[in-house]
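Take a look at the structure below.
The values are calculated or read from the model by the stated rules, or taken from the named source; none is laboratory data. Small disclaimer: the values here were computed from a predicted structure and weren't measured. Cβ: placed from backbone, ideal geometry, glycine included. Neighbour counts: every protein chain shown. The accessibility values were calculated without ligands, DNA or RNA, using every heavy atom of the protein model including side chains. Shrake-Rupley method; radii C 1.70, N 1.55, O 1.52, S 1.80 Å.
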Amino acid sequence: MTTAELPVIAAVDGSWRSYEALEWAARDAVRRGLPLTIVHVRPLNRRTSQEEQRREAEELLAESVGRVAQVAPTLHTSTLAPMDFPAAALTALSEHASLLVLGSRGLGGFRSLLIGSNSLTTASMARCPVVVVRTGRADEEGTEAAEAAAETFSDIVAGVAADESSEAVLDFAFEAAATRPGARLRIVHGWTMFSSMLSGGPVFDRDAAAGAAERTLAELTAGRPEKYPQVEVVQEPVHGSASHTLVTASATAALTVIGRRKGGEELGFGLSSVAQTTLTHALGPVAVVPC
């Protein structure tokens, strides 16, 4: 099975956030022409018998399949219920997935957290792109309104750095935009005088540094607009914080795409500072691409 044939995997735990992610995953699988695998990870719990856990998992997965049938009735769907720590199981499964889709938080943890530890850990360790779905437009009683609002947003926003990590981010972002008719791809590149100096660019001339950032962005995207002529591309070199721009843009984006970036391990989750800030504070779905 090639990468293009690997399924989209959606993780569910019975929370409304996981069902929101499930429906997002179903729609995306249809757009990509891929099957959907629904996964419920049975936690290691000595207080509940394996038979009871198996029965609960079967009921939850059956409900999930029913939800998918309402959203995408022709979509080929399968289910899995491994027993493991959630992040460990999902990371292992990601090796055989084209995309892994999670809710921002599950049933456990603190309500004040913007993103749960399982979602954050999985996004930092998975071997395929991970989409963490948080609309920022709903509560438990308002998911239908959130879904209707989400359908009105078509922009794909991609945050890129001036290095090789941007290749995978741009590939994913262009492909995502190409599956959404009429979608516009906004490519954001944050720069400062300090970053200009580190890259060997202008040090004291802000206009020259801005021009260099524009050229860098043009070089990063070279060739892709011709490959994806149906995608309208907007290049946005931004002076200052890229993460602030990405978080703001996420409020009206169908998807915000960022690179995980090797070298972010000092933050504890293998994420760069921009990736972690965007993932934690975004107001819409975020795709974290290994790079």
Subset of region 235-255, residues open to solvent by 40 Å² or more (accessible area, probe 1.4 Å) and either among the hydroxyl-bearing types (Ser, Thr, Tyr) or at pLDDT 90 or above (or both), comes to 235, 241, 248, 252
Number of the condition not met by residue 193 [criteria: (1) of a type outside the set (Gly, Ala, Ser); (2) modelled with pLDDT under 90; (3) touching a helix residue (DSSP H, G or I) at 6+ places or on another chain (Cβ under 8 Å); (4) open to solvent by less than 40 Å² (accessible area, probe 1.4 Å)] | (4)
For residues in region 51-90 being polar (S, T, N, Q) and modelled with pLDDT of 95 or more, which is farthest from residue 127 (Cα to Cα)?
-> 70
For residue 64, are the conditions met, namely being surrounded by fewer than 22 Cβ atoms within 10 Å (Cβ to Cβ) and farther than 17 Å from residue 116 by Cβ?
-> no
Is it the case that region 80-89 has a residue that's farther than 18 Å from residue 23 by Cβ, open to solvent by less than 30 Å² (accessible area, probe 1.4 Å) and within 23 Å of the chain's Cα centre (by Cα)?
-> yes
Does residue 69 satisfy being surrounded by 15 or more Cβ atoms within 10 Å (Cβ to Cβ), among the aliphatic types (A, V, I, L, M) and part of a helix (DSSP H, G or I)?
-> no
Just checking, how many residues over region 216-234 are open to solvent by 30 Å² or more (accessible area, probe 1.4 Å), in contact (Cβ under 8 Å) with a residue 12 or more places away in the chain and either assigned to a helix (DSSP H, G or I) or in contact with a Cys (Cβ under 7 Å, 6 or more places away or on another chain) (or both)?
-> 3
Within region 21-42, of all residues that are surrounded by fewer than 22 Cβ atoms within 10 Å (Cβ to Cβ) and in contact with a strand residue (DSSP E or B) (Cβ under 8 Å, 6 or more places away or on another chain), the one modelled with the lowest pLDDT is 42
Scanning region 32-55 for residues that are touching a Ser or Thr at 6+ places or on another chain (Cβ under 8 Å) and either of a type in the set (Phe, Trp, Tyr) or not in a loop (DSSP other than H, G, I, E, B) (or both) gives 32, 36, 37, 38, 39
Which is at pLDDT below 85, of a type outside the set (A, V, I, L, M, F, W, C), part of a helix (DSSP H, G or I) and under 29 Å from residue 126 (Cα atoms), of 266, 167?
-> 266
Picked from region 43-61 (must be open to solvent by 40 Å² or more (accessible area, probe 1.4 Å) and in contact (Cβ under 8 Å) with a residue 40 or more places away in the chain), the residue nearest to residue 130 (Cα to Cα) is 43
